[in-house]
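These notes concern the structure reproduced below.
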Amino acid sequence: MSAVRLSSSGGPSVGSSFTFLRLKRTVRVGVKSLWMHRLRSLLTVLGIVFGVCSVIAMLAIGEGTSYAVQEQIRKLGSSSIIIRSVKPPEAEKPSQQQRNWSIAYGITYADIEIIKKTIPGVTVVVPARIIRQAVWNHAKSVNADIYGTVAWYPEMRNHPVERGRFFSQDEVDRTINVCTLGHETAAALFPVDDPVGLNVKVGANYYRVIGVMEAGGTGGESIPGQSSAAPKASLHKMYIPISAAKSRFGETLMKRTSGAMESETVELHEAVIQVHNQQEVKETGEIVEEILARNHKKKDYEVFVPLRLLEQAEKSKQMFNLVLGAIAAISLIVGGIGIMNIMLASVTERTREIGIRRALGAKKKDIIVQFLIETVILSGLGGILGVILGVLIPFFITYFSDMKTIVTLWSPIIAFSISALVGIVFGIYPALRAANMDPVEALRHE
Amino acid sequence: MGTALSTEVIARVEDVTKTYIMGGDALNALQNVNIDFHAGDFVSIMGPSGCGKSTLMNLLGCLDRPTSGRYLLGGHDISKMDDDSLSAIRGAQLGFIFQSYNLIQQLSVVENIEVPLYYQGRAEDESRAIAIDLATRVGLGSRLYHKPFELSGGQQQRVGIARALANDPLVILADEPTGNLDSKSGDEILKFFHELNEQGKTLIMVTHSDEIAAQSFRVIRLRDGRIESDVRR
Ligand SMILES: Nc1ncnc2c1ncn2[C@@H]1O[C@H](COP(=O)(O)OP(=O)(O)OP(=O)(O)O)[C@@H](O)[C@H]1O
Ligand SMILES: [Mg+2]
C-alpha cells in the first residue's frame, strides 16, 4: 500500500461547540436573511403581532372593567351586609277594577331588633328610608331620592362629605330638619351659590343644607349584578335624619299612578349590617337571610353580601381570563402556523444555500440552529411589536373613551414568552426539513 | 504510470460503484472505479455528458457515499462515516468550486469567504482577516463588501476560489469551474489553479475542454461510469 497522508489540521472536531459569540453571529446572519425579505418577514409576523396585541389589550380592558366593578362593590363595604325592601312580585300588578289599594311590605324596625339580638357580632345597623320626592330651591327642582338615615352613614358607605358636614346624632335624636345634599343635587339646585347654610323645600317642609357629599357614592340600584324591584335609583340624592324622615313622611307613601291611588307602607328601605370580622360576613349574611325568611311571609326583601359579589366578580373575571386565554392560544397558534408556512417556503427557496453550507462544512445541527433562530427572531419581533401595540391600544382606549383599562405587568411578559415559544415549536419542523436535505440534491436544486 | 510528483496517495477510490434506482431501473453512474490521487497533483476528469463525472466528484467531496466499494481520504474511510463527520471532513479538508459559483446571495464577498471558517469555529476577527487576505489575493480587494449580484461571473468564481481556500484544504474539487465563463475569465481562473498547484495544493477538476485539460498533469476519461483512459503527461 502506498503511504496515505493523514490530515494536517487537528481533526474534524473543531466547530462543534456553540459559544455565545457563535450564536451572536448566527443571529446576525438570520437578521440579514430576514432583512433581505423585509416585507415578507413583516407579513409573516403579523399573525403573532395581532395575537399578542389582542391578548394584552383584551386583558387590559377586562382588568379595567373588573377593577371598576370591584371598586364599586368595595365601596359598599366588604364587611357589610345590605338588606333592602323589595316590593313582592304578586303585589306589583293590582287588578284592574281595584282603583285604590294599599300594601305594606319590606323590612321593619322589628327585623332590625331581632337581627341585633340574634347575632352578637353585629355592631352597627344603618337603617335607611328612601323617599322619592321633588326637592325645591325657589323655582328650581329635582326629583331626588331622599334618604332618611343615621349619622354614621358616610363612614358606613365609604362616601365622604365634600363640603360642610353630615348631620349629627344629636340632630337625629332631636328630629331636626337638616339635610346633606348629594353632589349632583347641589349642582342642579345651586348652580351658582354655595348651598351650605341655605334651605331647600320638600313638600311643605324646609330643610337647612349643612353639607354636600362627594360625587358618586352608592345607593339604590347601583349594587352591581343584582336587580331590585324598587324604582330605579335617582341620580339626585338628599340625606336627612331618619327621625325627620319618619315624622315628615310617615310610614306610608302615597303615589298617584294613572288615576289610581296606591299607598305603600314601608318602614325601612335599606339597612346596612356591619360585621366586625370580615371572615364572618358570609355566614352572618346567611343567618340574616334565615331570620328574615322566618319573619316574612313573602319575599319582600333582598340580602346583599358585597363580599360575595366581590368573589363572584373575581370568579367571572377568572372565567373571562380563561376565555381570553383560549382566544389568545388560538390566535398565537394561527400566527405560528403562518410562520411555519413561510419558513417552509423559505427552506425550499433556500435549498441551494443549504446545500452550499453543507458542502462548506455545516452539520445538520448548524442548519437547524440557523433556521430555528430565524423563526425565533421572527416570532420574537412579532411579540415585541405585539406588546407595544397591546400596551398602546388600551392607552388610547382610555384616552379617547374614558373606559378604564389596566395593563398588568405579567400580561406582556406571558404574551411575549408564548410568542417566542410558538416560534420555537413551529420553527422545529421547517428547520428539521432543511437539515435533512441531501447535500447533493440541495446543490443541484435550481 | 508516472509518479514524478509524489508517491503519497491523498485519496483512494477502491472498486467504487454508485447505483441510482429510478423508476425501478438500476443505473450504475459509476461502476467498479479504482483511482489513486496523489498529493500535489493537478487532475482533469473528462467524458461525455452523463458519464458520471459529477457523481465521482460528489463522492470525492464526501457529499455522497458509494453504493459499494471504499473511499479513503487522508486515511479515513469515508464510506463508513456518519453525517457529522462527513461535514467536518468537508469543512476542514476539502475546498469546493462550482460551475455556477454557488455564492450565498445575501452575503458580501468577505462574508461568503468566511462561511467555511465559521463552521470550523474560527474566531470572528481572525476569519475576517483571512477572508480579506484571500479576497485581495484573487484580485477582489476593492470589492470586499459587494454582494455577488454586483460582480461579474469571473469575479464571482474568484470569490468561489477564495472561499475554497479559506480552510487551507488538502484537496480542491472543481466541477466545470470555467463552464459558465468566457475564455478570458476562464484563463484567469486557470492561472489561479496553477498558482495553487505550485503552492502544493491537490486539484481535481472536471472539464469538457481539451484545451483546459491539457494544462493539467493527468487526464482521466470516463465513459458510462467506467474509466476509459487515465493518462499522465
Ligand atoms: N440523483 C440522481 N438520481 C438518479 N440518477 C442520477 C442522479 N444523479 C445522477 N444520475 C444519473 O447518473 C448519471 C451520471 O450523472 P452525472 O451527473 O455524474 O453526469 P456528468 O458526467 O456530471 O454529466 P454532465 O457533464 O452533464 O454534468 C446520469 O445518467 C444521471 O442521469
Ligand atoms: Mg456534471
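What is the distance in Å between the Cα centres of the range A:411-437 and the range A:128-175? The range A:411-437 and the range A:128-175 have Cα centres separated by 63 Å.
This ranking places B:Thr7, A:Thr348 by how few other beta-carbon atoms lie within 10 Å of each, fewest first, which gives B:Thr7, A:Thr348.
At q = 0.15 Å⁻¹, what log₁₀ I(q)/I(0) does the range B:116-206 have when each alpha carbon counts as one equal point scatterer in the Debye sum? Reported log10 I(q)/I(0), two decimals: -0.58. Beta bridges per DSSP, both residues in the protein assembly as shown: antiparallel share near 65 percent. Counting Lys and Arg as +1 and Asp and Glu as -1 over every other residue whose Cβ lies under 11 Å from the Cβ of A:Ala151, the net charge comes to -3. When both the range B:157-203 and the range A:29-95 are represented by their alpha-carbon centers, they are found 66 Å apart. Between the beta carbons of A:Leu322 and A:Arg25, assuming R0 = 41 Å, the FRET efficiency works out to 0.45 to the nearest 0.05. For chain B, the relative contact order comes to 27 percent (Cα pairs under 8 Å, sequence separation of at least 6). Listed from fewest to most Cβ neighbours within 10 Å, the set B:Leu117, B:Leu107, A:Leu332 follows the order B:Leu107, B:Leu117, A:Leu332. Translational diffusion of the range B:61-112, estimated by Stokes-Einstein from the Kirkwood radius over alpha carbon pairs at 25 °C in a medium of 0.890 mPa s, is 191 µm² per second.
Taking only the alpha-carbon positions of the range B:9-232 and ignoring solvent, what does the Debye formula give for the base-10 log of I(q)/I(0) at q = 0.11, 0.14, 0.15, 0.16 Å⁻¹? For the requested q values the scattering log ratios are -0.54, -0.87, -0.99, -1.11. Electrostatic bookkeeping for A:Phe167 treats Lys and Arg as +1 and Asp and Glu as -1; over the other residues with beta carbon under 12 Å from its beta carbon, the sum is 0. Sorted ascending by nearby beta carbons within 10 Å, beginning with the fewest, A:Val55, A:Val212, B:Val109, A:Val425 become A:Val425, A:Val212, A:Val55, B:Val109.
Residue by residue along B:80-91, Cβ atoms of other protein chains within 10 Å of the local Cβ number 6 on average. As a ratio to 2.2 N^0.38 Å, the alpha-carbon radius of gyration computed for the protein assembly as shown takes the value 1.71.
Express in nm, to one decimal, how much length is gained between A:Asn341 and A:Val425 on full extension, taking 0.36 nm for each residue of separation and deducting their alpha carbon distance.
Working: separation 84, 0.36 × 84 = 30.24 nm, distance 1.28 nm.
Gain on stretching A:Asn341 to A:Val425: 29.0 nm.
Counting 0.36 nm for each residue step from A:Glu311 to A:Arg444 and taking away their Cα separation leaves a gain of 41.2 nm.
Tell me the volume per residue, in Å³, of the convex hull enclosing the alpha carbons of the range A:292-446.
Numbers: hull volume 26.6 nm³, N = 155.
In the range A:292-446, the Cα hull volume divided by residue count equals 171 Å³.
Here, each number is a calculation from the coordinates, and none is a lab measurement. Since the model is a prediction, treat every value here as computed from it, not as a measurement. Don't worry about glycine lacking a Cβ; one is built from the backbone with ideal geometry, like all the others, and counts go over all protein chains shown.
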